[in-house]
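A short write-up of the structure that comes next.
The values are calculated or read from the model by the stated rules, or taken from the named source; none is laboratory data. Since this is a predicted model, take the numbers as computed values, not measurements. Cβ: placed from backbone, ideal geometry, glycine included. Neighbour counts: every protein chain shown. Side chains included, ligands, DNA and RNA excluded: accessible areas come from the protein's heavy atoms. Shrake-Rupley method; radii C 1.70, N 1.55, O 1.52, S 1.80 Å.
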Amino acid sequence: MGWLFVAAFVLMLVAGACTSAEAALVRLSTAGARELSRAPGEPAEPLQIVLADAPRYLAFVLLTRAATEISAAVLVAAVLVEWLGISWQPFLITAVAMTLASYLLAGVIPRSIGRRYPVRVGSKAATVLRPVIRLLGPLLNAVGTALAPQSKGAGSSGSEEDLRGLVDLLEERQIIEPGERAMIHSVFELGDTIVREVMVPRTDMVFVERGKTLGQGLSLALRSGFSRIPVIGENLDDVIGIAYLKDVMTRIHEHPEGETVETVESIMRPATFAPDSKPVDDLLREMQARHVHLAIVIDEYGGTAGLVTIEDILEEIVGEITDEYDRERPPVEWLEDGVARVSARLPVEELEELFDVGIDAEDVETVGGLLAHLLGKVPIAGSEATVAGLRLTAENLTGRRNRIGTVRVQRVDGGSEPDGRDRTAKPLASETRNRAGQDAVDRAGNGVAVAGRPSE
């Protein structure tokens, strides 16, 4: 009777092979097998054929596994009954032994092997399964479909989890680069991202009032570096259109007299609006269909929450986008005695140490934030303010969103105590001004940051 134990053990190994084959076939897809077939020495053609009709093959694998496990249990029970007689003991021993065998030999271990080496296991399984299915024909197909009607979903490559697993597998086999894998995963995550997470916030937007002349709009566009600027009516929540720099330039070129007479309202284009809770992938398809580059984001109360551009969405996939104007600068560059060019991200504490002054400004941490606090809006190039005996002048724009990159800091006379510290200086709005008489233009940009590339 010992040969029955050997037969039961062999049947459990067959069940384990079925488990490995199932795990491998479920993980792979037709597209994945096509890519993997390019690797030298891989018998991927049978695997492609099996994966093309995966439900039928998976149904047979599941049927075979169930039949082998049950048959092994019957053989073990028959031997134990012969040895111990008909009582509860042989059946209890059979239940315990077969449970452990099914868990180890036909469960955890083979499934782990199938997931770790899906191509190798899947190819060998396909080599065996093809002639068996071809021989048994319609009978097994009908039985397998009846026993596992839902196996089609398991073998398809439509689920996101299967596709993610396939991408990881392709990277492990060095068919795709790690950067490509990260990009593909970013595409999957795009559907779970909402507009609020990628938009430029309202506090970083540049606006122009509807009554500003074309000349003022042109000056604001050139100084801010943005080619598309939202046009507002009564307040910042009343966005009535988008002013395009190329439309302003075209109008001024064709009618030079209109530079000081016509308003930006006359050349603005309709604005596109999107709720801040809208999925990013839906908005991207909508913007592509409508051929628009920029959309105004509105909150649940109908107010302006920010704006979003196609570049903002693409950055979620490919990462931060920079241009040829982005250069690394030192945080502090002394131009002459008492004059320095500092990074807009330089902490205010370091600025105080550099010029030995005390600056009374709460809720700001950087020099750029200090300048925006003094102006009451996000600065553009040329914006100027004075605090603690220091004149701060916004200089160049950096990055795709054209934020202030450096600030020129110059010590001015007056207001300092003998030790050089100005204990009484307060950030007064009356101390702020903008270079070259651009007060009217800057007032149109209440807050800053807009979409579009810098004009060239």
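Just one of the numbered conditions (1) surrounded by fewer than 20 Cβ atoms within 10 Å (Cβ to Cβ); (2) more than 20 Å from MET205 (Cα to Cα) is not true of GLY382: (2). One residue stands out among those in region 79-98 that are open to solvent by less than 50 Å² (accessible area, probe 1.4 Å) and either without any contact (Cβ under 8 Å) to a residue 12 or more places away in the chain or aliphatic (A, V, I, L, M) (or both): the one that is nearest to VAL10 (Cα to Cα), which is MET98.
Being under 20 Å from ALA372 (Cα atoms) and small (Gly, Ala, Ser) is the filter here; which residues of region 196-233 pass it? Correct list: SER219, ALA221, SER224, GLY225. When region 255-297 is examined, which residues are found to be of a type in the set (Ser, Thr, Tyr) and under 21 Å from ASP204 (Cα atoms)? Across region 255-297, the qualifying residues are THR272, SER277. For region 1-33, give me each residue that is assigned to a helix (DSSP H, G or I), loosely packed, with under 15 Cβ neighbours inside 10 Å and at pLDDT below 85. Answer for region 1-33, where residues must be assigned to a helix (DSSP H, G or I), loosely packed, with under 15 Cβ neighbours inside 10 Å and at pLDDT below 85: GLY2, TRP3, PHE5, ALA31. Annotation note: of GLU362, GLU352, the sole residue that is open to solvent by 20 Å² or more (accessible area, probe 1.4 Å) and modelled with pLDDT under 80 is GLU362. Summed over region 340-375, the residues that are basic (Lys, Arg) and part of a strand (DSSP E or B) give a count of 1. For region 99-122, give me each residue that is open to solvent by 80 Å² or more (accessible area, probe 1.4 Å) and either among the hydroxyl-bearing types (Ser, Thr, Tyr) or in contact with a strand residue (DSSP E or B) (Cβ under 8 Å, 6 or more places away or on another chain) (or both). If the condition is that a residue be open to solvent by 80 Å² or more (accessible area, probe 1.4 Å) and either among the hydroxyl-bearing types (Ser, Thr, Tyr) or in contact with a strand residue (DSSP E or B) (Cβ under 8 Å, 6 or more places away or on another chain) (or both), then THR99, TYR103, TYR117 are the ones that fit. Out of the residues in region 61-74 that are open to solvent by 30 Å² or more (accessible area, probe 1.4 Å) and not aliphatic (A, V, I, L, M), state the one that is nearest to TYR103 (Cα to Cα). Out of the qualifying residues, it is GLU69. With respect to being surrounded by 22 or more Cβ atoms within 10 Å (Cβ to Cβ) and at pLDDT 90 or above, VAL206 falls outside the description.
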